[in-house]
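The structure under discussion appears below in the form of structure tokens.
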Amino acid sequence: MTDELDDETLAFAHRMFDLARGGVTEELAGQVDAGLPVNLTNGKGDTLLILAAYHAHPETVAALLARGADHGRTNDRGQTALAAAVFRKNVPTVRALLDAGADPDHGTPSAAEVARFFDLPEMLALLGRD
């Protein structure tokens, strides 16, 4: 059962996803600290962490991980934050996710598969899959 969300709640949620996309770390972290679910998910299954990783915001990724974001969550297409960071070739974000325990072989495609498919040897080396 799902309840309909009112326009104000939907607007707030959209703004939180925009903060993740935009790397507005301090405000987003403050909202999580105030009770926003750190694993909030949009209609495509993207978490705040996945969006921050895809948009190459390592500080936001680190702040979300520090607040308990689940680096193993996948979106509706099976993609992880680590795969998104590898695709974007963002070394600091990849390192933060690996340091938090993200699995290079988790997801569809996995981060390792993304690195192989797009011929990203530097990412494969970072993942320990070279």
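Summary of values
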read-out: Tabulated pairs, the stretch 54-68, first charged (D, E, K, R), second part of a helix (DSSP H, G or I), C-beta under 8 angstrom, 6+ apart or interchain; value: E59/T25; R67/A29; R67/V32; R67/D33
read-out: Options R88, R67, R129; residue that is within 14 Å of the chain's Cα centre (by Cα) and farther than 21 Å from A29 by Cα; value: R88
read-out: All positions within the stretch 33-80 that are of a type in the set (F, W, Y) and touching a strand residue (DSSP E or B) at 6+ places or on another chain (Cβ under 7 Å); value: none
read-out: Hits in the stretch 33-60 (condition: among the β-branched types (V, I, T) and within 18 Å of A100 (Cβ to Cβ)); value: V38, T47, I50, T60
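A short reminder: the numbers here are calculations on the coordinates, not readings from a lab. Remember, it's a predicted structure, so these values are computed and weren't measured experimentally. As a convention, Cβ positions derive from the backbone with ideal geometry for all residues, glycine included, and neighbour counts pool all protein chains shown.
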